[in-house]
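The values are calculated or read from the model by the stated rules, or taken from the named source; none is laboratory data. Remember, it's a predicted structure, so these values are computed and weren't measured experimentally. Glycine gets a Cβ as well: all are built from the backbone with ideal geometry, and neighbour counts include every protein chain shown. Accessible surface areas use protein heavy atoms only, side chains included; no ligands, DNA or RNA. Shrake-Rupley method; radii C 1.70, N 1.55, O 1.52, S 1.80 Å.
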Amino acid sequence: MTGARHILVLPDRDAAGEVAEALPERFGITQEPQLVRDALAGEDDAEDAQWLVVIEDPAGRLDPTALDALADEYDGWLEAE
């Protein structure tokens with residue numbers, strides 16, 4: 001199986017942080033996920049930013065459906081690659 005990168009899109013920093021904290025317990029990942037602020041196109045207001053949780057999955061073992069379900073709990077989604 002080839003490696004993958006999963007990107008979860010969350011509505012705010014708090015949600016992204018909570019998802020990042022839940023990942024090791026729920027999925028057994030050991031590598032720290034990366035949190036990235038993603039300003040919406042054309043928006044200058046910092047409040048109008050989504051947050052991305054980027055998960056490296058070199059072994060390709062994480063279930064995209066389960067990741068999407070986790071993001072959905074926080075009003076987010078798994079970005080399709």
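Odds and ends about this structure:
- Val54 sits with roughly 20 Å² accessible to a 1.4 Å probe, with DNA, RNA and ligands left out of the calculation.
- Take the chain with all the other protein chains still there, run a 1.4 Å probe, and you get 64 Å² of accessible area per residue.
- Farthest toward positive dipole pole in the chain [+1 Lys/Arg, -1 Asp/Glu at C-beta], among Thr30, Ala49, Ala59: Ala59
- Of Ala49, Ala16, Ala59, the one that fluctuates the most in a GNM where the chain has Cα springs shorter than 10 Å: Ala59
- Rg/Rh (Cα only; Kirkwood hydrodynamic radius) as it applies to the chain: 0.98
- Solvent-accessible ranking of Glu18, Glu25, largest area first, probe 1.4 Å: Glu25, Glu18
- The largest accessible area among Trp77, Trp51 belongs to the first residue in Trp77, Trp51, and the rest follow in falling order (1.4 Å probe, all chains).
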